[in-house]
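Inspection log for the structure reproduced underneath, given as structure tokens.
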Amino acid sequence: MDAVKRKRQSGFMQELKQHKELYIMLLPFTILFFTFVILPVLSSVVLSFTDFNMLQFPQWRGVDNYVRLFLDDDVFLIAFKNTLMFALITGPISYMMCFVFAWLINELRPKIRSFVTLVFYAPALSGNVFFIWQFLFSGDTYGLINGNLLKLGFINQPIQWFIDPRYNLTIIIIIQLWMSLGTSFLAFIAGLQSVDRTLYEAGAIDGVRNRWQELWYITLPSMKPQLLFGAIMQIAASFSVSTISMSLAGFPSTNYSAHTIVLHMLDFGTIRYEMGYASAIAVVLFIIMLVVKNMIERVLRYVGN
């Protein structure tokens, strides 16, 4: 065992000396990544077991924050349900939308493809364009939806779309889907364009007869890295919904009907300054996203097999 260990260390040192220029170039990114990603994550895990109010030194509380989170915090359970609903609806649908639109657009001529890509990517590129939806679903008679419904006689008084718990979550899900053609969409287009065209010729010789067989046996297996990257991005987007809900439904929303886990974390972290409890919420969210990501990885292994 000692001989094997020494051999591995010797091999590592030899590789380090051989490619030292590359490791030196990677060093700045590695330092920044460890400082601003790894270290905060580890700090959050440690703080989740403490009582920390930003003014006094953290007091060790063990698993009390987690017990409180799942047994005593009814609002968190509402946020968990809403977030799960966001993820189950917007995650798969937006993922499929990104790929289908990318697949269709990839068949266009280069100049037209560039223009259409920009059009589809515009909602994500423009950022917080909530004023469009605020005009459409305004709670007074000047709102486009309310105005037309009143004219047609379907309603007698304006509907408070972003206040009424019956509607606000559904509308926010629709807006999230509208804004979902982001980084994953571009990654899929790049992946489709990088597929070796000779594979389609070889597939035709081997018995691939239609576009669906080309998609399943050639296209998807050739762009598994982009598919995994897109899945990770969609997981992060669907589980971290906060800005849309806060901007349109308020913070907090009526009866917490559009409350999410991220908003719950912001409530305790930035308003109440219960950083230990907020860290526990963040750790739970991180674990959920990690489990879902591993599940998707397993599913993608069977693509094209």
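Calculate the tail of P(r) for region 204-279: the fraction of all Cα-Cα distances greater than 18 Å, expressed in %.
61
Ratio to report: Rg/Rh of the chain, with Cα atoms as the point set and Rh obtained by the Kirkwood method; give two decimals.
Result for the chain is an Rg/Rh of 1.06.
Of the peptides 241-250, 182-191, how do they stack up when ordered by the mean number of other Cβ atoms within 10 Å, highest first?
182-191, 241-250
So for the chain, if I pair up every lysine 8 or more residues apart or on another chain, how many of those pairs have alpha-carbons under 20 Å apart?
5
Can you order the peptides 83-96, 271-284, 47-60, 200-213 by their average number of other Cβ atoms within 10 Å per residue, highest first?
Taking the mean over residues of other Cβ atoms within 10 Å, the ranking is 271-284, 83-96, 47-60, 200-213.
Taking the Cα centre of each part, how many Å lie between region 238-305 and region 85-112?
Here the two parts' Cα centres lie 23 Å apart.
To the nearest 20 Debye, how big is the dipole of the chain about its Cα centre, given +1 on the beta carbon of each Lys and Arg and -1 on that of each Asp and Glu?
880
So who's got an amide H within less than 5 Å of the one on Asp51, skipping anything under 5 residues away but keeping other chains? H placed 1.01 Å off N, in plane.
Sorted by chain and number, the residues that satisfy this are Gln59, Trp60, Arg61.
If you take the beta carbon distance between Lys17 and Val45 as r and set R0 to 51 Å, what does 1/(1 + (r/R0)^6) give as a FRET efficiency, to the nearest 0.05?
The formula returns an efficiency of 0.90 here.
We did not get these values from a lab; they are worked out from the coordinates using the rules stated. Only a predicted model underlies this, so the values are computations on that prediction, with no experimental measurement involved. Note: ideal-geometry Cβ built from the backbone for every residue, glycine included; neighbour counts use all protein chains shown.
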